[in-house]
Amino acid sequence: MSSVILRTATRLLLPLLLVFSAFILLRGHNEPGGGFIGGLLSAGALSAYALAWGPAEARRVLRVDPRTLLGAGLLCVCAAAFAGIAAGREVLTGLWAPFEVPGLGKVSTVLLFDLGVHLGVVGATLSILFNLGED
Amino acid sequence: MAGLLAILVGVLFGAGVYLLLRRSLIRLIFGLALISHAVNLLVFTTGGLVRGNPPLVPPEAQVPPAGHADPIPQALVLTAIVIGFGLLAFTCVLVKQVVKTLGTDDTDSMRANEE
Amino acid sequence: MLWTILLLFGLAAAAPLVAKFAKGASGWLLAAGPAAILFAYLAQLPILPGESRSEVWEWVPGLGVELRFVLDGLSATFTLLITGIGALVLVYAGGYMAGKAKLGQLLSYLLLFLGSMLGLVLSDNTIALFVFWELTSISSYLLIGLDHERESVRSAALKALLVTGGGGLLLLGGFVLLGIAAGDLGLKGADAFSISALADLDLSAHGLYPAIMVLVAIGAFTKSAQAPFHFWLPQAMAAPTPVSALLHSATMVKAGIFLLARLHPALGGTDLWTALLVPVGAVTMLGAAITALGQRDKKRILAYSTVSVLGILVTLLGAGTVVAIEAAVVLLVAHAFYKAALFMVAGNVDHGAGTRDVTLLSGLRKAMPFTFAAGAVAALSMAGAPPMFGFVGKELFYGKLVTAEARSTLLILVAVATNVALVAAALLVALRPFVGSSAGVAKNAHEVSAPMLVGPLILAAAGLFVGLFPDVFDATLGSAMATAIAGQRVDMHLALWHGLNPTALGVMGLSAATLVLGAMVYHRTRRLLAPLAEALSRLRAIGPETWYEKGLAGLVTGSDRVTRGIQTGYLRHYVLAVVVAAVVLAAPPLLRSLPGAAPLFPEAPRPHEALLVAVAAASAVAAMVLRSRTAAIAALGATGAVIAMLFLLFSAPDLSITQIMVETLSVILLVLVLSRLPRLVTRSSRSRRIADLAVATLAGGTMALLAIAATTVSLDPEAARFFAAASYTEAQGRNVVNVVLVDFRALDTMGEIFVVAAAGFGIHALLRLAPETGGAA
């Protein structure tokens, strides 16, 4: 799997796909997309990169261990869940910031939850595939 | 159309069961994947089939247009797809380790190893 | 009353810690609990005939189960016996097991048992009573099996558990039927399970009465070791002596007697009652008394004599007349005192002289004077000699028989024979070890420590005191107890001396004859009864114990065979079993529902959709039959991709994208894994493949039927309507599916993401943490 075309394509496509997955995550609340799809997209892009350049190189590009991402995702999900309780509401109740952040729109614990799903999916998928690739 | 999809569910499930009944663990993986597809499709069809009207709220509206597709089976199936991937991955690795340890993917000879 | 039970359970939990720190004193310390409860209940005395104090706690109101406790003459007597003897046994156990590692365990189990037993006798609700009943079975299992390192001990404990537990199950059946019958007769809710409410009903007229009676009687017989269920009790002597003193004097085995006494007002007074109890009791009392004489082990002699006394009690309750019940009351209390004392004496002799074999023991009176004194006084009571309480009991027993009609002549003979044997047994356990030459084991014998003497001495003294002043007992408790059993007011007037009238003289004559005959039998024990015991033990070979053992062995081999039959070890057999069972169960109702289903094709399928379905089906079949791994993976991927297109066509863009992404990753995954796995080969025979294909076709057909049936079921539209309406207005999201995922049903998603994480970590563990060395372990 070390064709020049694949290598070049993945190197060019990787940043594009990662940015696109972030975009998918953000727009997911209003249009098709969201954490699952965004996460799968990132994972797909990085897996393709790993296929072309090898898992070690992919890990280097990713910089963090996939399991760290997985943990961070679970943390985000839990934080979003308990934010509801901290605010004196039911667990997992969505809380919305009263202001808009440029480029992100309204921030909310729901977005944090979706981010957690995104990171969780990326982390789990890459952890599986990298481990397999290196085995 | 529901009839056609029902038949597809049957074909996918039947093929999956046939593969589960093989002695090869690798075919068992394929069987699991096909059965996942069958079940996802089954849940999806129970919500009723609607063409070209996804459960999205248009920019200027407050609610989705009348006659939109049921969002609940979709949400169920979406998580099921991702879980199915997790299951598939885990099974793959398990099979791989079993074959690595026992040197075969024949379930019948594993029985001999048990005793 | 609840607090007393909870206190005992609490102490049971604390006992191991207490034993760890207090060591030798722990018996004394823990005995304070039951002793305190004893005094608390003593303070409630006197209880007058017909008086009952109750206390109600809700437990499972929906099922009519409540913790309703009743303190009346019957439960109060048992409560005092349980806590009093319990406290003494705890002290005794502290001495008996001093310095042993299992002391804490023993004390804990003893307290657990005491709490269960207390709950049993205080319960007024049949279901609650059953729960405590089973708790006593379980805790006695633990107690009997204390020395579980020995195989014989384990089998003895298991025997006790299976027999009493099995009887308990029948009892539960009886209680359920009882509740149904009570419901038919007008009791509602928890009242239908309340024992005191049952007494007012005419249950004997109900159609279920015979079944209830038989089930309850078997439950009582198993617990109280009546023939043919008696065999567990002598075996249970494998337990340490303090356990025997507690279980086989006043508590465990009396639970069956208690149950019969408690239910007598509700179920008694019928021909069936008498016909069930009297023959069983009579056979048990005579058989066990004679068997007792054939034993060498002191504890086994006592065990069989216990069975015999239980038989007498069952007979008396079966007769059900006022005099019989008075006799049962006195005998029950007297037996509790002397039997607990004699068990402790047996334990002391074992400790002091190193054996319990009566043929080896002699001349211990000098070495163990206190033990001898306690044993002698208790044995007098057991033999029914004046002025002991046992004498009062036996007088009443005989009185009941003498005043009864002529048909009981046989019963009189049985009773006299039984008592003769019991007199001989009493002399055998309490006299023979202490008199005669002190040349043998007595040379090295020594008296035991104080904790082991307190119990037998107090109990023997109690039996003497109640015998000398029986009117104290009948005024404070006895009349109330007899009243509670009889269901009508009974005023007991117990006395040692009944004056000069024909009945009293006849009874006294029988008593005297019994004592004389008993002494004669004792003197000729070996010569007279050894052959008889021999014959009895040969009878055992065809008796219930053999059935039990054969049954148990059959159960083990049977389940072994069934397991081997079902668990073939072939993965495909398991799959086949699941699939075939599902098809057989699901297909017929699905087929029946088919005619009512909506028309399959209300419109002609659109060509492009039909084509997609055909492609998906074709690739699935290809994945099924292809022999190249790569080709199979490609076919699998194609199936998924087409399904993604179908999702897109039917208004599910999110699903479609997810499916495509997952499919891509799955292909990468499969390629990565399968490149390291062996090639696909065909292993099954052609006929096997055809058979499997048939099964698969049936399974697929059933699934298709299910899919068709599912389209006719309309899901509750309320949830979908709410999600659609609230998605933007409340959750500020226009993509309803995503809002459902991350907001409305976020908890599901949270669970799901954790599952995915678990799969990730699991795979990491499988790949990275597995031992590097290959080969089967």
**OP:** Hey, could you get me the Stokes-Einstein D for the stretch C:172-264, Kirkwood radius over alpha-carbon pairs, 4 °C and 1.567 mPa s, rounded to whole µm² s⁻¹?
**Re:** 89
**OP:** Under 1.5 on a/c is rounded, so check that first for the stretch A:88-135, then, if it is not, pick prolate when a/b is larger than b/c and oblate when it is not; a ≥ b ≥ c are the square roots of the alpha carbon gyration tensor eigenvalues.
**Re:** oblate
Subject >> Where Cα atoms sit under 20 Å apart: lysine pairs in the stretch C:271-501 separated by 8 or more or lying on different chains >> reply: 6
Original post:
Between C:Ala22 and C:Leu693, what is the label-to-label distance in nm when each label sits 7 Å out along the Cα-to-Cβ direction?
Top reply: 7.9
**OP:** Within 10 Å of each Cβ in peptide B:48-54, how many partner chain Cβ atoms are there on average? Round it to a whole number, please.
**Re:** 6
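Hey, got the average number of other protein chain Cβ atoms within 10 angstrom for residues in B:90-103? Can you show the working numbers first?
Values: counts 7, 2, 10, 14, 3, 3, 10, 6, 1, 4, 6, 7, 3, 4.
Whole-number average of other-chain Cβ neighbours for B:90-103 is 6.
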**OP:** Could you estimate the translational diffusion coefficient of the protein assembly as shown from the Stokes-Einstein equation, with Rh from the Kirkwood formula over C-alpha pairs, at 37 °C and 0.692 mPa s, in whole µm²/s?
**Re:** 95
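Go ahead and run the numbers for FRET between C:Arg676 and C:Val584, Cβ-Cβ distance against an R0 of 41 Å, rounding to 0.05.
Calculated value: 0.55.
If packing is taken as the average count of other Cβ atoms within 10 Å, what order do C:290-303, C:194-207 fall into, highest mean first? Mind showing how you got there, number by number?
Numbers: C:290-303: 23.8, C:194-207: 16.9.
Result, highest mean first: C:290-303, C:194-207.
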**OP:** Identify which of A:Ser108, A:Ser47, A:Ser21 has the largest mean-square fluctuation in a Gaussian network model of chain A, with springs joining Cα atoms closer than 10 Å.
**Re:** A:Ser108
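Quick check on the exposure proxy: order C:Glu326, C:Glu395 from fewest to most C-beta atoms within 10 angstrom.
On the way: C:Glu326 29, C:Glu395 24.
Sorted ascending by nearby Cβ count, the order is C:Glu395, C:Glu326.
Once you sort the root eigenvalues of the Cα gyration tensor of the stretch C:433-526 as a ≥ b ≥ c, which label holds: rounded (a/c under 1.5), prolate (a/b larger than b/c) or oblate (the other case)? Display every interim value, and only then the final one.
Working: a/c = 3.23, a/b = 1.51, b/c = 2.14.
Oblate, because a/c is 1.5 or more while a/b does not exceed b/c.
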**OP:** Return P(r) of chain C (all Cα-Cα pairs; 10 Å bins starting at 0; whole %; ordered from short to long distances).
**Re:** 2, 11, 18, 18, 12, 9, 10, 9, 7, 3, 1, 0
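Over 23 Å apart: what share of the alpha carbon pairs of the stretch B:1-89 falls there, rounded to a whole percent?
Details: 1426 of 3916 pairs.
Counting every Cα pair in the stretch B:1-89, those more than 23 Å apart make up 36 percent.
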**OP:** Please give the net charge around C:Ala289, taking every other residue with its beta carbon less than 15 angstrom from that of C:Ala289, where Lys and Arg add +1 and Asp and Glu add -1.
**Re:** +3
Original post:
Between B:Asp108 and A:Leu13, how many nm apart are label points set 7 Å from Cα along the C-beta direction?
Top reply: 4.3
**OP:** Would you calculate the separation in nanometres between label points at C:Thr712 and A:Val4, each defined as 7 Å from the Cα along the Cα-to-beta-carbon direction?
**Re:** 6.5
Original post:
Calculated FRET efficiency, C:Ser593 and A:Val64, Cβ-Cβ r, R0 45 Å, to nearest 0.05?
Top reply: 0.25
Original post:
Quick one: length gained pulling C:His523 to C:Arg564 fully straight, 0.36 nm per residue minus the C-alpha distance?
Top reply: 8.9 nm
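Which order results if C:Glu549, B:Glu60 are arranged by neighbouring Cβ count within 10 Å, fewest first?
Details: C:Glu549 13, B:Glu60 5.
Fewest-to-most ranking of C:Glu549, B:Glu60: B:Glu60, C:Glu549.
What does the charge dipole of chain A about its Cα centre add up to, to the nearest 20 debye, if the Cβ of each Lys and Arg holds +1 and the Cβ of each Asp and Glu holds -1?
240
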Original post:
Once you average over the residues of A:79-86, how many Cβ atoms of partner chains fall within 10 Å of each Cβ?
Top reply: 1
Original post:
In the Gaussian network model of chain B, springs joining C-alpha atoms below 10 Å, which of B:Ala38, B:Ala66, B:Ala15 carries the largest mean-square fluctuation?
Top reply: B:Ala66
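If each DSSP helix of 4+ residues adds -39,500 (n - 2.57) and the sum is divided by the residues in the protein assembly as shown, what number results at 222 nm, nearest 500 deg cm²/dmol? Don't jump to the answer; show the numbers that get you there.
Values: 40 runs with 730 residues, N = 1027.
Estimated from H runs of four or more residues: -24000 deg cm²/dmol.
Work through the residues other than C:Ser116 whose Cβ is under 15 Å from its Cβ and net out their charges, Lys, Arg +1 and Asp, Glu -1. Please list the in-between numbers first.
On the way: positive: C:Lys223, C:Lys254; negative: C:Glu134.
Summing Lys/Arg as +1 and Asp/Glu as -1 gives +1.
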**OP:** Work out the FRET efficiency for C:Leu63 and C:Trp3 from their Cβ-Cβ distance, taking R0 = 35 Å, and round it to the nearest 0.05.
**Re:** 0.90
**OP:** Calculate how steeply helix C:629-649 sits against the longest principal axis of the alpha-carbon atoms of chain C, using the helix alpha-carbon long axis, and give the answer as 0 to 90 degrees to the nearest 10.
**Re:** 80
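Please work out whether the stretch C:716-771 counts as rounded, prolate or oblate from its C-alpha gyration tensor, where a ≥ b ≥ c are the square roots of the eigenvalues and a/c under 1.5 means rounded, while otherwise a/b larger than b/c means prolate and anything else oblate?
Working: a/c = 5.60, a/b = 3.53, b/c = 1.59.
Here the stretch C:716-771 falls in the prolate category.
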Original post:
With Rg and the Kirkwood Rh both taken from Cα atoms, where does Rg over Rh land for chain A?
Top reply: 1.05
Original post:
Of C:Tyr338, A:Tyr49, C:Tyr570, how do they rank once you tally other Cβ atoms within 10 Å and put the fewest first?
Top reply: C:Tyr570, A:Tyr49, C:Tyr338
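Every read-out reported here was derived from the displayed coordinates using simple, explicitly stated rules and does not represent laboratory data. Note that this is a predicted model, so its numbers are computed, not measured. When we count neighbours, we look across all protein chains shown, and the Cβ atoms used for this are built from the backbone with ideal geometry, even at glycine.
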